[in-house]
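The block underneath contains the structure these notes are about, expressed in C-alpha cells.
The values are calculated or read from the model by the stated rules, or taken from the named source; none is laboratory data. Since the structure is predicted, the reported quantities are computational estimates derived from the model, not experimental observations. Here the Cβ is made from the backbone with ideal geometry for all residues, glycine too, and neighbour counts use every protein chain on show.
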Amino acid sequence: MVKRTKFIVTLKLGKLLLSAAAVAVMVALAIGARYSGAYAVYYNLSPRLVPIYSVQREQKLVSVTFDCAWGADYTDAILKALEVGEARATFFCVSFWVEKYPEFVKKIDAAGCEIGTHSSTHSYMSKQNAREIEEELLSSAEAITSVTGKKVELFRPPFGDYDDELIKTASQLGFYTVQWDVDSLDWKDLSAADIAMRVINGVKQGSIILMHNNGLHTAEAVPVIISTLKNRGYTFVPVGELIYRENYYIDGGGVQRPAN
C-alpha cells in the first residue's frame, strides 16, 4: 500500500513538472516570437514602422495616385480624364521632374489635385542616413511649394523602398509616408484594358491606387477606372482627404485605422 501511494505521488509530481516545463517552453516561444516578428505577423501588428498602404473607411472612398519621375507626354490626357470624370487625384513628384515641368505642376494644382513629394533624386532611401533623408524631403518639398505656394505633407518613397529610419524621419518633418494597396502595373506597358481590370478588381473602401503619369496606356485606362468605380458607388478623393490626421494607428498590414 505504501509503495502504491509513493508511486501515485511520484506520478503526480512528474505530471506537474511536465506541465511546468511545457509552460516554460510556451513562454520562451512567445517571447522569442514577440521579438522575431512572428508575434507581429500572427496578431497583425508590426515590430517595424509601416507606411500607409490603405485606410479603413466606412464610406466608399478611394484615392488614385500618379508617380511623376520620367516624362510628361500623357499628363494632359490624364488631367482631362480626371476633369471629365469629376475625380481628384494625388500626384507624387520627384523634384527634378518638378524643375523640368513646372507648367505641368501648375496644371495639376489648378485641376484641384494634390501634390506630394516622391523624393529629390529617386534613390533607394533606405540606404540613406537621417541627414540625407531630411535633405531629400525638404528640398523636394520646397521645389513643389515654390511652384504651387502650397505646403507638401505627403511622401511616397521611390521604388516603395523604406525602413524605420525613413518613416521616422519623414514623420518628424511632418510628412505622411504613403504606399498603395492596388498596383496597376501600368509601368509594364500593359494594355489599357488590363490596367483597368487590375485596378477595378483590386479596389476596396479606402484603397490607394498606384499609377504613373507617363505609363504608355495609363491615360487610356483612367476613364474606364473612374466611370466603373463611380458606377459602383465609389468617390475619388486625394490621399490627403482619405487619411486620418490624428487619433489613428497603422496596423501590420499597413492599414491606417481610427484609434477608437
Self-check item: I200 vs. criteria more than 23 Å from W97 (Cβ to Cβ) and not in a loop (DSSP other than H, G, I, E, B)
Solution: yes
Exercise. Could you grab me the full set of residues in the range 199-244 that are in contact with a Phe, Trp or Tyr (Cβ under 8 Å, 6 or more places away or on another chain) and charged (D, E, K, R)?
Key: K230
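Considering only helices (runs of 4 or more DSSP H) fully contained in the range 63-148, which possess at least 3 residues that are touching a residue at least 60 places away in the same chain (Cβ under 8 Å) and either surrounded by fewer than 22 Cβ atoms within 10 Å (Cβ to Cβ) or assigned by TED's automatic domain parsing to the domain that holds G215 (or both)? Break it down into steps so the answer makes sense when it comes.
Details: elements: 75-84, 95-100, 102-110, 130-148.
The qualifying helices (runs of 4 or more DSSP H) are 75-84.
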Quiz prompt | Residues of the range 217-260 classified as more than 18 Å from the chain's Cα centre (by Cα), closer than 16 Å to S63 by Cβ and not in a helix (DSSP H, G or I), total | solution = 4
Quiz prompt | Some residue of the range 178-188 being hydrophobic (A, V, I, L, M, F, W, C) and in contact with a His (Cβ under 6 Å, 6 or more places away or on another chain) | solution = yes
Quiz prompt | In the range 80-120, the residues that are more than 14 Å from T65 (Cβ to Cβ) and acidic (D, E) | solution = E83, E86, E99, E103, D109
Quiz item: Quick check, is V152 under 25 Å from R257 (Cβ atoms), part of a helix (DSSP H, G or I) and in contact with a helix residue (DSSP H, G or I) (Cβ under 7 Å, 6 or more places away or on another chain)?
Solution: no
